[in-house]
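Take a look at the structure below.
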4 protein chains.
Amino acid sequence: MKKWKVGVIGATGYAGLELCRLLLAHPEAELAAVSSVTYLGQRLDGVYPQLRGFCDLTLGEEAQVVESCQVVFGSLPAGLSEPIARRCVQAGKLYIDMGADFRLKEEADYRQWYGKAYADPALHAQAVYSIPELHRQLVPGAKLIANPGCYPTSICLGLAPVARADAAQPGSLVIDSKSGTTGAGRGLALNTHHPECNEAFAPYKVACHRHTPEIEQVLGELWGQPLTVTFVPHLLPVNRGILSTLYLSLRPGWTPERVRALYEEAYAQEPFVRLLPEGEVANIKNIKYSNLCHISLHFDRRAGRLIVASAIDNMGKGAAGQAVQNMNLALGLAETAGLMALPPAF
Amino acid sequence: MKKWKVGVIGATGYAGLELCRLLLAHPEAELAAVSSVTYLGQRLDGVYPQLRGFCDLTLGEEAQVVESCQVVFGSLPAGLSEPIARRCVQAGKLYIDMGADFRLKEEADYRQWYGKAYADPALHAQAVYSIPELHRQLVPGAKLIANPGCYPTSICLGLAPVARADAAQPGSLVIDSKSGTTGAGRGLALNTHHPECNEAFAPYKVACHRHTPEIEQVLGELWGQPLTVTFVPHLLPVNRGILSTLYLSLRPGWTPERVRALYEEAYAQEPFVRLLPEGEVANIKNIKYSNLCHISLHFDRRAGRLIVASAIDNMGKGAAGQAVQNMNLALGLAETAGLMALPPAF
Amino acid sequence: MKKWKVGVIGATGYAGLELCRLLLAHPEAELAAVSSVTYLGQRLDGVYPQLRGFCDLTLGEEAQVVESCQVVFGSLPAGLSEPIARRCVQAGKLYIDMGADFRLKEEADYRQWYGKAYADPALHAQAVYSIPELHRQLVPGAKLIANPGCYPTSICLGLAPVARADAAQPGSLVIDSKSGTTGAGRGLALNTHHPECNEAFAPYKVACHRHTPEIEQVLGELWGQPLTVTFVPHLLPVNRGILSTLYLSLRPGWTPERVRALYEEAYAQEPFVRLLPEGEVANIKNIKYSNLCHISLHFDRRAGRLIVASAIDNMGKGAAGQAVQNMNLALGLAETAGLMALPPAF
Amino acid sequence: MKKWKVGVIGATGYAGLELCRLLLAHPEAELAAVSSVTYLGQRLDGVYPQLRGFCDLTLGEEAQVVESCQVVFGSLPAGLSEPIARRCVQAGKLYIDMGADFRLKEEADYRQWYGKAYADPALHAQAVYSIPELHRQLVPGAKLIANPGCYPTSICLGLAPVARADAAQPGSLVIDSKSGTTGAGRGLALNTHHPECNEAFAPYKVACHRHTPEIEQVLGELWGQPLTVTFVPHLLPVNRGILSTLYLSLRPGWTPERVRALYEEAYAQEPFVRLLPEGEVANIKNIKYSNLCHISLHFDRRAGRLIVASAIDNMGKGAAGQAVQNMNLALGLAETAGLMALPPAF
């Protein structure tokens, strides 16, 4: 079988590197080219010694990746993806964008939260946003995929069943998320300097994180009505993992049993989502280094609230794993190809 | 000046040991006796080598502490404090209870959440529950003090100004707290075994933690009405610190400016509470090893919610520090005596 | 192709569980049975939620594993392996022992360091001890394999080239090793209780760790002479990884270049050992969750010492990974089967 | 009593800030001025929110600190201290240098390891290098003090008794040190970026760290002969603490008992050094946030080696604490003034 030639632009960032790791082990893909601005001309395994013996690629330029590959992943800072996406689409290649440039349907939202405009609105209209468990049917044959953000993935998977059934009041929603430090990327900053980050914990970008409109877009579609969410992310002193704790007031008549049935039905056949049995609690340690999402349901019967804990690996299901899942869908491969590594227990 | 003779029952637990550390450095107290069931007959600095050169006490029995001291701190498992408290009160000594046995005013709450009854209700009636910033005036001359729980302290300090002013709807309150592992004590358990706890994060006792009725009791008094809270604690892979993120829907007319003014007025003169300036965020790293509480205020203007971040050291202001503060008040000492160690920055 | 039926005795310990994780993904093995004394009758994925969706086995008894499998891994406390090994060998099955019971060739060493005798010396005579890179040729067809200890693996791989060439004085050898906390297993203990272990670091079992005779046995064979090593392990506050720093006085004439050539020759064809280029330093983060060994060479030209840094994952190459590698060799499979997962970079 | 006016140049670096924290609590010193190049004009408690409510100083320029203070601490990058030191000495002030500029007696060493020359050799001749336990008598009245490095302090305190008695062969010495990340300072770097540093461990600057000549200088004086040491530092994923494991071949006749007697005699009266009883092991967790040094002695009787474990807080006894101790000695204050805070147990 001939393998698909795939490439990664921005391969030395954390999401880019994790993509390379997954693609190097993918049964139907060949990592054929990688690029980096900072490390141009160096070998990838010189930058990441983990790869010694597994990868002998040299980091080239963006254009080389586009030319030599059938599938291109772009892991770039906000605002830089449009020209690459256009070139890929025009050349009939599959382009999967890891950043935020193609996630928002309303240009107004992009302007408001990112302070930039769309240069090519028609291109954006072609983009398919996909959390596969929620948007699977849109992906086959797509040429331009907007891979979702890490927080929105954990949140929307945790809320989709209740949102679709309108079993709770959207206005009551409070989202308290906690992310490991790889989520902040490889760029040096004081808040991820080890002595400032270790043994520390705090919220950040309180009620003003750029993932907010993406969360509202996805949940609004599921709920069938626009909604405004309160979303507060926190920085956890661990490498990987996002846990979102989600609070909602249930509508009358929605008992814990009925709510649980919604989730069971929604996720029974999903290869990557695990609804935990009663009494278990979602924990980031149980899904790290995987493409899984663990969800546990809890009920505050005294206050009438549903509490959902949703855990993913921010680099796996929250970034590179989901991107590969989207690639598999777009190319007509088995959705789980290259993604079934068992998570380690410790 | 003659120093007060003080003793600690249960000195080898984490709260007990932290009390010893503070009392050994207290200018007007002398740590005169310590007890332990597990380590009876051993030297305290044999169990905790940190104390070598600072303390030559041997761990004795409970009764020896009561007899030889004027002030007794009891750091005991739930349900064991009544007899000790009675003996101290009868002998005219000051007894400060670190556990939950005297915190709840309604015995019904204690029965419901702890599954036990009060043997001596009259004794409970004498108990003074005190977060000093909220109950300072009740403490001078008290003989039996119920030292508050760690979570309730972080939460009630974070909410008191808004509760007193009824500036928000109590029914909208969502409390998402995160605690370091010392909060679980020194007892061995799988969830605090290092390989299971490190690089992990999860909620626990979701909406059923025993601190819930204490939180509702204090907030109910402040708000002037009973309330039901949704409280979800999480275990953080750090040693010390609690951060509570508090979500509330503001009542009409309560602008961010008015809310901030409430906090400024409430805490301007407090020696241990710092209202952070706009733009700063409370972080457990900034108050560890201290008796401080850092509070930052945030507003989700789109959703009309107030978000408060409140950080304390669970072993400091959340346990031993606050107990010493209460002792100072009860004995008529300077409230800050022995408590002004500057927190380390890293 | 029919898969080999393999089973794990002691599957809920850390090494046992890691074996299960590797075997569940092995292309030519089927994890057919698992046992546990503590969790008998429970499902393995109930004890380790990571495995939900990947494994539906129930933990049975030892005997069931032996009966139903062609290959049995025993992950047991010291002193319990002989009867199981005997039963397997007699039944013509392959038994791989994860513990220390079959590692030492001299019963006197076992008596001295473990305080026990061999019940069946003839059985021990059949045991093959194998760090595959050093003992590969002994393994094919073996029926009883003693899988090496984690520290000895990191140390002997780090020293084998220089030992074989007698390029340094064995009496000058100092071994300073550091291990993550999974090495201490899943049993609860105060020194691996999170608040006591996190932000802590110390040596333990200084110059009296039970891996000492195993290290001396392997190095003695390589060096062609008996030797006495100074070996000091330390506990690192990380989950996984061993780094051994090895100090040796070079014999006259052994320049850095000649020493490096020894290592290059020894490891050029090895699939799991990476000799790092000059200027790079072995780091546990680069080999975690893998069967790799990273080795870096350093020279103190002023003092005439060779310094070797050797890093492995104590659960991978130091335990379960190496055991699978030995199984592959014994069964005539590709040595790397099931072991080529790329290590994550973070 | 009038307090000494003291100032810190480079107050926002980690050692500088820790100095400020200690000096703010010092009974006979007043922190009168602080400077910073990066944060000039900002308040110190804006840069370090831990200090809110404890310090209202604004960061000024170097010259302001020198002018307004009687004691000046300089916490500066290598090569910048000479002019400040000269100005202080000429003005009759006490200058304590936290860096390496005045530590080496031989300018040749400084040239070799730092690549720079001494501009004013006469000034260097006035400098007093002081680990107080070893050089106490040189400090009273000194005007220019070279505060020792963190590694040399942990190492020389761990070896002084055996060096003075020449109880071991200096050529056999191997020094394996491990330091927390604050030792690398506040400057951003990839190896202290949280995701790269957490769950990682490796040696660095193997046998070429700049503290080497300082170690050799101090030990050479104690031993009465020049020596060459093998020194390998490692980076520990913890905030604070250095543990040095020291290996030495004992000379004939030096039994464990005789060696222990040397240490007991040397340190019996020392307020900050604790020789741990047999069976205990030095651990960084027991001395963090203090000016203590914990030393444990171990003997490899089979190999004839002494093994010393020596633990200090790299920011305390390894930097700011020792600097205050030196200030106390120079000014004729109690040596322990401001330094007796009890270390926390967790």
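In the assembly of identical copies, B:Ala122 has its label point, taken 7 Å from Cα in the direction of the beta carbon, separated from the corresponding points by 8.2, 8.7, 9.1 nm (ascending, one decimal).
When C:Ala337 is represented by a point 7 angstrom out along its Cα-to-C-beta vector, the spacings to that point in the other copies are 2.4, 7.6, 7.6 nm, nearest first. Pairing chain D with chain C buries about 3700 Å² of accessible area. This figure sums both sides and uses a 1.4 Å probe.
Listed values for the range B:214-223 are Karplus-derived 3J(HN,Hα) couplings in whole Hz (6.51 cos²θ - 1.76 cosθ + 1.60, θ = phi - 60°), namely 5, 4, 5, 5, 5, 5, x, 5, 5, 7, and x replaces Gly and Pro. Quick one: with all protein chains in place, what share of the accessible area of chain C is carbon or sulfur, to the nearest percent (1.4 Å probe)? Ligands and nucleic acids excluded, carbon and sulfur reach 51 percent. Of all segments of chain A bounded by GluC sites (Glu not before Pro) found in a DSSP loop with no more than 15 other C-beta atoms within 10 Å, the longest spans A:107-277.
Residues whose amide H falls under 5 Å from that of B:Phe299, counting only those 5 or more places apart or on a different chain, are B:Ile307, with hydrogens built in the peptide plane. With θ taken as phi - 60° and the Karplus curve 6.51 cos²θ - 1.76 cosθ + 1.60 applied, the whole-hertz 3J(HN,Hα) list for the range C:294-307 is 9, 10, 10, 10, 9, 10, 9, 5, 5, 9, x, 10, 8, 10 Hz, x standing for glycine and proline. Under the combined filter of DSSP loop state and at most 16 neighbouring Cβ atoms within 10 Å, the range C:192-223 retains these chymotrypsin sites (Phe, Trp or Tyr not before Pro): C:Tyr204.
Here's how it looks for B:Leu292: its modeled amide H is under 5 Å from those of B:Asp313, B:Lys317, which are all 5 or more places away or on a different chain. Centroid-to-centroid, using Cα positions, the range A:168-246 and the range B:67-100 are 44 Å apart. Under the criterion of Cα pairs below 8 Å and six or more residues apart, the relative contact order for the range A:86-221 equals 27 percent.
With label points set 7 Å from Cα along Cα→Cβ, the inter-copy distances at A:Val37 are 2.8, 6.1, 6.4 nm, sorted shortest first. Placing dummy labels 7 Å off each Cα toward the beta-carbon, the span from B:Gln126 to C:Arg43 is 5.5 nm. In the context of the full set of protein chains, the range B:45-100 has a per residue accessible area of 36 Å² (1.4 Å probe).
Legend: residue pairs A:Lys178/C:Lys285; B:Lys2/B:Lys285; B:Lys2/D:Lys317; B:Lys285/D:Lys143, Cα-Cα distance threshold 30 Å; pairs beyond threshold, B:Lys2/B:Lys285; B:Lys2/D:Lys317; B:Lys285/D:Lys143.
Listed by chain and number, the lysines placed with their C-alpha closer than 16 angstrom to that of C:Lys3 are C:Lys93; residues fewer than eight positions away on the same chain are left out. For the range C:250-346, trypsin sites (Lys or Arg not before Pro) are listed when DSSP marks them as loop and at most 14 other Cβ atoms sit within 10 Å of their Cβ; the list is C:Arg301, C:Arg302.
The string of couplings for the range D:100-107 from the Karplus curve (6.51, -1.76, 1.60, θ = phi - 60°) is 9, 5, 10, 7, 8, 6, 8, 4 Hz, one whole number per residue in order, with x for Gly and Pro. Please say if the protein assembly as shown is rounded, prolate or oblate, where rounded means a/c under 1.5 for a ≥ b ≥ c the square roots of the C-alpha gyration tensor eigenvalues, and otherwise the choice is prolate for a/b larger than b/c and oblate otherwise? Since a/c stays below 1.5, the shape of the protein assembly as shown is classed as rounded. Straight-line reach from C:Lys288: taking Cα to Cα under 15 Å and skipping same-chain neighbours fewer than 8 places apart, the aspartates and glutamates in range are A:Glu18, B:Glu199, C:Glu18, C:Asp313, D:Glu196, D:Glu199.
Taking the axis that rotates chain C onto chain B, the chain C residue nearest to it by Cβ, with the distance rounded to whole Å, is C:Leu188, 2.
Relative to the Cα centre, the charge distribution of the protein assembly as shown, modelled as +1 at Lys and Arg Cβ and -1 at Asp and Glu Cβ, gives a dipole magnitude of about 0 debye. Only DSSP H runs of four or more residues enter the estimate; each adds -39500 (n - 2.57), and after division by the residues of chain B the mean residue ellipticity at 222 nm equals -8000 deg cm²/dmol. Residues whose amide H falls under 5 Å from that of C:Leu59, counting only those 5 or more places apart or on a different chain, are C:Gly41, C:Gln42, C:Arg43, C:Leu44, with hydrogens built in the peptide plane. When only alpha carbons are used to place a centre, the range C:261-334 and the range A:1-59 end up 23 Å from one another.
The values are calculated or read from the model by the stated rules, or taken from the named source; none is laboratory data. These numbers come from a predicted model, not from an experiment. When we count neighbours, we look across all protein chains shown, and the Cβ atoms used for this are built from the backbone with ideal geometry, even at glycine. Accessible surface areas use protein heavy atoms only, side chains included; no ligands, DNA or RNA. Shrake-Rupley method; radii C 1.70, N 1.55, O 1.52, S 1.80 Å.
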